[in-house]
Structures are given as C-alpha cells and as structure tokens.
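Scroll down for the structure; my scribbles are underneath it.
All of the numbers you see were taken from the coordinates with simple rules; none came from a lab. All values reported here derive from a predicted model rather than from experimental measurement. Here the Cβ positions follow ideal geometry from the backbone for every residue, glycine too, while neighbour counts run over all protein chains shown.
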Amino acid sequence: MNTLSPMESAWRSLEAALTEHAKPLVKGLKPGATEDDLARLQKKLRRPLPAELADLYRVHSGAKRIFPEGGPRNSSPAYSLIQPKFVAGQHKPCTLEEQGITGESINNDPGVQAEYWLPEWIPFAETWGIDRLCLDLAPAPGGKIGQVIELRKHDLKRQLIADSLVDWLEMIAERLASRRYSYTSDIGLVDMGEGFERWSTPQAFRDDPAYLLVKTTKSGNEYWMKEVASANRWQCDEPLNTELLQDKDRWFAFVCVNGEKFKDASGSALGDVADRFDALQVESE
C-alpha cells in the first residue's frame, strides 16, 4: 500500500477543494516535473533545490491563479505557480538602492527580514510578473526556514503567509471549504476576509443581521449588502452612485446567493446594479 507524502496529501486536498469550489482552476494544473526538470532548475539557481519545493513540483509543475493575494478582497489576479523552467528567470535578488528606491523602508512581518529581495528567497509563484510568493531560506529571528512569504512591490510589504509550502496548500484547501476563499473568473482565488469564514452555509450567511436583502431575481439569485468602513476590504472598489445615496464616502460589500450555493458578485459594475441601491434606500427607510 502506497502512503502519500505530506506534500502529495496537501495537493490532493487542494485538488478536491478546487474541484468542489473553483472547478475552472483544475484545468490549469500541469503534470508534475521530471527529475531532469528539477536538476536543470537547481543548476540554474546555483544552489541546492529545497526539498519541499522539489516535492511541490513533483506533483504539479504549474497552476494558474490558485494562490490568493495577501489581504482580503485584493483586486489583483491571484498568484500562479511558476513552471520550474522559469523560476531562475524570476529570481532577482537586489537591494532597495539597486532598485533606485530612496526615502522608503521595507514593511516586513515579524520573522521576515527587512530586505528588498535576498538570494535565499526562491520564487515559486507570481502575479503580473510584479509580486511574488517565495520560499524563505533565510528568515529573521522568530521565523522558520522554508516559510512562505509574499513580496509586494507597490507597498514594499514582506508578509509571512505560512510556515511551509505544505501548510500553505492545506490552508488554501481549508479556506475554500469554509468559503473564506472564493473563485472569480477574472482574478482566480480571492480572500473574502475573516467575516466570510463563519458562513459555513448560505443559510448561516442569511441569518447574519449585518446584511440586508436588496434584490431577488427570477433565476433565484439573492443579492445581499452591508455597509463597511473601506472598499479595499470588500467586493466593491468604487464609491456608490451619489445621486442615489447622496454620500460618496459610503462603501458597501455585496454577495450573491443562489439556493444553497454562494456565487461571485464582485464583477458587477455599479452602473449595472443601480436598482439594487434603489431597493436598499427603500428598505432602509
């Protein structure tokens, strides 16, 4: 009887969660890398290939938009797994000075070094060729060798994501199952924020007193909304139509429920949902 390794088991859990909650992403999973592929990658990196990274690639050598960007409701596409043949080309260690950045400092989490990019940070996922997920082989005190970190360019954030690659895959699978992570066709996997974690079922969501039902369509879609402090945390990334609510500083989250399933509601432009805001005004009076 063959026993799955921790990495194989983590991938299988993620595959099952993707099949259930984000099926289009399953098509983007590429077959595992060969030992020759891994040997070539090690040669290009000019350093021993971390065992956990090699194990990751032995199961799947590529995947599209399956690693959510750090932070709730980030509007950037999710990270894609970099194919082994492209990893060395994405490995670009340098300092702030070498990047020509002055007057700014690194925004690093505890356990992560306050550096722009260390040689010991090996990229394995990227989005738009700008931000990356890396395996950290040189953590700061309190960190762990092999932890997963996020390198963001626009805000110089160096964020701790998970203690290991296995932990990261298992976390994604668990958060997909709990609805903390959701799938959208234009972004991939998205972190919906901690408030979504407690909704184990659509009925549990419907029972949340913070949300207001604003519309039910003939096809059975229910649109629910609530006011939030900042649009950056949620699905709307523009202020509401001021002609409707007379207040450009109000922001709302919305979610769509169909029967016993959650659906994505993040792709709707405000102009397409004006009737929902009319309904909100009426029902709020």
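In table form, for the structure just shown:
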quantity	calculated
Cα gyration tensor, region 87-154 - rounded (a/c under 1.5), prolate or oblate	oblate
Listed residue pairs exceeding 18 Å between alpha carbons, taken from K64/K85; K30/K92; K92/K153; K64/K144; K23/K64; K64/K92	K30/K92; K64/K144; K64/K92
Residues whose placed amide H lies under 5 Å from that of S61, excluding near-sequence neighbours	K30, G32, A33
Packing-based ranking, highest mean first, of 35-41, 148-154 given that Cβ atoms within 10 Å are counted	148-154, 35-41
For region 39-105: rounded, prolate or oblate by the Cα gyration tensor [a/c cutoff 1.5]	oblate
Per-selection metrics, region 46-165 (Cα): Rg and Dmax in Å	13.6, 43
Unit charges at the beta carbon, dipole of region 1-87: most positive-side option, A51, F67, P84	P84
Mean Cβ count within 10 Å, highest first, over the residues of peptides 171-181, 81-91	171-181, 81-91
Potential lengthening between T95 and T19 on full extension [0.36 nm per residue; Cα-Cα distance subtracted]	23.3 nm
Nearest-20 debye value, region 90-223 charge dipole, Cβ charges on Lys, Arg, Asp, Glu	500 debye
Extension gain from F86 to A114, taking 0.36 nm per residue of separation minus the Cα-Cα distance	7.5 nm
Distance from region 135-190 to region 1-41 (C-alpha centre basis), Å	17 Å
Residues in region 154-194 reached by a label modelled at V26 [backbone nitrogen below 16 Å; 7 Å Cα→Cβ]	173, 176-177, 183
